[in-house]
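Since the structure comes first, as structure tokens, the remarks are kept for the end.
Every read-out reported here was derived from the displayed coordinates using simple, explicitly stated rules and does not represent laboratory data. Computed from a predicted structure; not experimentally measured. Quick reminder, even Gly has a Cβ in these numbers, built from the backbone with ideal geometry, and neighbours come from all protein chains shown.
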């Protein structure tokens, strides 16, 4: 099949994705059969989304609201992380107490728009936009049934505070830090997650793969039933052993930082992934191409990356495989073994057809589903 940018109203979507980027959460939603619309302001990310056939509203999340998506029952979002990540200047981390103070005020009905805009880095306040959407939807009598948010670990206190204020609105919530390699993603990426649900007590997804540890002796025997973590070499279908050197990594021997062998998962894939260097015993190898960088994020190999700054788009995205685990847990769905292996290997251009051909048992819903 061929994806063509459709022109239906985004209001038909069951899920609305804020700060949607090139489509990490949206790809996961498509795999799970959820109609989704994403809001994204970056022109390059929107170019990729449109090439992928993802329903897209190009614009600033702050200038849109729940009323535009009256049929959406699921709210998701991954606000910009640059001011909170350890790789950035840390404006968000420094303003964390101030950001937390805004949450209670927003619940009380205060308009904090001007104060958020006055923060040292305006992007810091964007982390509160999903709460604005949730509050507006609740006040309009059309509350979201499920809310899923993700960010870098430094934002966990914000998610915890949001979970507390969502409780009086009828939500049960769970928060925590997930390790991407424990869900079949070939990189050691950590993400702070919030799942809120009005109909059931949510739980974080159970790991399916072993956690990566530098020393094999540290692997817990009680986790032996889990699948091995996914390696760089296996993911990229490269048989020859190699070492990948990235710009990411802290601690230990400075000369060894950012180095992972092809038998290990990669460090966090960032917007500088195109600078990663690969070496074998024979010398330096070609650097990762766009498709390979995307595959380390678990996007399909033929995902149609478009526009400029593609490396940045790749690095900014949540890995679809991790997103699928989180969405499934939020909805009370149980993913059958091998389902995501199939979807990540399936050509994106054939993804919808592949989903419709999945057997009835491939994706089962728990009895407490929506």
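Beta carbons within 10 angstrom, averaged per residue: use that to sort the peptides 33-40, 200-207, 68-75, 22-29, highest first.
22-29, 33-40, 68-75, 200-207
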Cα centroids of region 185-213 and region 287-302: how far apart, whole angstrom? 22 Å
Beyond 21 Å, how much of the Cα-Cα pair distribution for region 90-216 remains, as a whole percent? 45 percent
Residues of region 188-210 with backbone N under 20 Å of the label point set 7 Å from the Cα of residue 336 along Cα→Cβ are 206, 208-209
For 55-61, 111-117, 233-239, ranked highest to lowest by mean beta-carbon neighbours within 10 Å, the order is 55-61, 233-239, 111-117
Sticking with the crude label model, points 7 Å out along Cα→Cβ, report the distance from residue 239 to residue 117 in nm, one decimal please. 6.1 nm
Net length gained if the chain between residue 284 and residue 107 were fully extended (0.36 nm per residue, minus Cα distance): 58.2 nm
Protection proxy (average C-beta count within 10 Å per residue), highest first, orders 137-143, 282-288 as 137-143, 282-288
